[in-house]
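The values are calculated or read from the model by the stated rules, or taken from the named source; none is laboratory data. Note that the structure is a prediction, hence the values are computed from the model and not measured. Note that each Cβ is placed from the backbone with ideal geometry, even for glycine, and that neighbours are counted across all protein chains shown. All accessible areas refer to the heavy atoms of the entire protein, side chains included, with ligands and DNA or RNA removed. Shrake-Rupley method; radii C 1.70, N 1.55, O 1.52, S 1.80 Å.
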Amino acid sequence: MLPSPIVEEFDGIHVVRDDLLEGGTKRRLFTEYIKHFPNDQEFVYASPRQGYGQLALSLSCRDLGKQAVVFVPKGKRHQLTIDSEKYGAKIHEVPMGFLSNLNHKSKKYCEENNSHLLPFGGDHPIIVESMTNLCKQIKVVPSEIWSVISSGVINRGLQNGFPNVKCYGVMIGHQTTKEEQGRATLFKSKYKFEQNCKKSELPPFPSSLTYDSKAWTFIQEKAKRNSLFWNVGS
């Protein structure tokens, strides 16, 4: 059993501190996903170099006695990949590691090894529903909901979990589609996905430099007091 999310207030904003859980929110969601497939022993994920999902999957598989397999671009390893291997993941480095090639290699691996391929970004109804259920553990009634958004899984789960609350997403990297967006109002970060957020723009709590931290300036400028920001990890 993973601990419930901790919520703390910063400058009038309620922040879900999933940076306090190693592997963050995606560890929670991947854990629930894997539980739906008890007969599958090996779970495979194609990850960008800076992708947080690789670490989340590695920890979830370790916790549940499964094997994580991660496909990443070949080259200098990100700390997330190093940690994923430390927690038991098998790492496959792919030359010319753009996303389409990572997806092709991981899909072929699953076909050859009868392994279970997780969709990119965890974009699956089970995971969205798990995120919605996670909202029930939050005791705050927010004026607005904020998160970063890429594949939109976490934000759509928040939309369902707080159906009467306005939702905002700060878009990074992936060009979020209308379907992925749901009912969220979007803002676009000035940073590319692989770029770190500047130190002067960081929030006053640990947050991923390539992910959640890029939302903080938008929240400071645009969010109402009593808004909720979901900090996915560190």
_Output for the stretch 76-129, where each listed residue is among the β-branched types (Val, Ile, Thr), touching a Leu at 6+ places or on another chain (Cβ under 8 Å) and in contact (Cβ under 8 Å) with a residue 24 or more places away in the chain_ = 127
*Taking the stretch 186-212 as the region of interest, how many residues are touching a strand residue (DSSP E or B) at 6+ places or on another chain (Cβ under 9 Å) and either polar (S, T, N, Q) or more than 22 Å from residue 131 (Cβ to Cβ) (or both)?*
5
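Matching residues to (1) at pLDDT below 90; (2) of a type in the set (Ser, Thr, Tyr); (3) in contact with an Asp or Glu (Cβ under 9 Å, 6 or more places away or on another chain); (4) part of a strand (DSSP E or B):
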{"site": "19", "(1), (2), (3), (4)": "no, no, yes, no"}
{"site": "25", "(1), (2), (3), (4)": "no, yes, yes, no"}
{"site": "33", "(1), (2), (3), (4)": "no, yes, no, no"}
{"site": "38", "(1), (2), (3), (4)": "no, no, no, no"}
{"site": "69", "(1), (2), (3), (4)": "no, no, yes, yes"}
{"site": "83", "(1), (2), (3), (4)": "no, no, yes, no"}
{"site": "93", "(1), (2), (3), (4)": "no, no, no, yes"}
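Could you tell me which residue of the stretch 210-234 is nearest to residue 30 (Cα to Cα), considering only residues that are part of a loop (DSSP other than H, G, I, E, B) and over 13 Å from the mean Cα position of the chain (by Cα)? First the steps, then the outcome.
If we filter the stretch 210-234 for residues that are part of a loop (DSSP other than H, G, I, E, B), which is where we start, we get 210-211, 223-227, 232-234.
Still in the list and also over 13 Å from the mean Cα position of the chain (by Cα): 223-227.
Numbers: 223: 29, 224: 31, 225: 31, 226: 29, 227: 26 Å.
Among them, the one singled out is 227.
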*Pairs where the first residue, in the stretch 187-205, is touching a residue at least 40 places away in the same chain (Cβ under 8 Å) and the second is open to solvent by 80 Å² or more (accessible area, probe 1.4 Å) and not hydroxyl-bearing (Ser, Thr, Tyr), C-beta under 6 Å, 6+ apart*: none
*asked:* Six or more apart or on different chains, Cβ atoms under 7 Å: show the pairs whose first residue is in the stretch 163-184 and acidic (Asp, Glu) and whose second is in a loop (DSSP other than H, G, I, E, B) and open to solvent by less than 30 Å² (accessible area, probe 1.4 Å).
replied: 180/151; 180/152
*Which of the residues belonging to the stretch 176-226 are over 22 Å from residue 51 (Cα atoms) and touching a helix residue (DSSP H, G or I) at 6+ places or on another chain (Cβ under 7 Å)?*
182, 183, 184
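Just give me the residues in the stretch 68-93 being of a type in the set (S, T, N, Q) and either in contact with a Phe, Trp or Tyr (Cβ under 6 Å, 6 or more places away or on another chain) or open to solvent by less than 50 Å² (accessible area, probe 1.4 Å) (or both), in sequence order. Write out each step before concluding.
Step one: filter the stretch 68-93 for residues of a type in the set (S, T, N, Q), giving 79, 81, 84.
Scanning the stretch 68-93 gives 81, 84.
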*asked:* Considering only the stretch 188-209, I want to know if a residue exists there that is buried (at least 17 other Cβ atoms within 10 Å of the Cβ) and basic (Lys, Arg).
replied: no
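If you go through the stretch 95-104 one residue at a time, how many are part of a helix (DSSP H, G or I) and surrounded by fewer than 18 Cβ atoms within 10 Å (Cβ to Cβ)?
Filtering the stretch 95-104 down to residues part of a helix (DSSP H, G or I) leaves 99-104.
Of the ones still in play, those that are also surrounded by fewer than 18 Cβ atoms within 10 Å (Cβ to Cβ) are 99-101, 103-104.
Residues that pass the stated criteria total 5.
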*Being open to solvent by 30 Å² or more (accessible area, probe 1.4 Å) and over 21 Å from the mean Cα position of the chain (by Cα) is the filter; apply it to the stretch 108-132 and report the residue that is nearest to residue 70 (Cα to Cα).*
109
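Quick one: is residue 220 open to solvent by 70 Å² or more (accessible area, probe 1.4 Å) and either in contact (Cβ under 8 Å) with a residue 40 or more places away in the chain or within 21 Å of residue 142 (Cα to Cα) (or both)?
Values: open to solvent by 70 Å² or more (accessible area, probe 1.4 Å): yes; either in contact (Cβ under 8 Å) with a residue 40 or more places away in the chain or within 21 Å of residue 142 (Cα to Cα) (or both): yes.
So residue 220 passes the test.
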*asked:* Which residue is nearest to residue 21 (Cα to Cα), if the candidates are limited to the stretch 156-187 and must be exposed (fewer than 13 other Cβ atoms within 10 Å of the Cβ) and at pLDDT 90 or above?
replied: 163
*Check the stretch 50-59 and report whether any residue there is of a type outside the set (A, V, I, L, M, F, W, C), surrounded by fewer than 24 Cβ atoms within 10 Å (Cβ to Cβ), modelled with pLDDT under 95 and within 16 Å of the chain's Cα centre (by Cα).*
yes
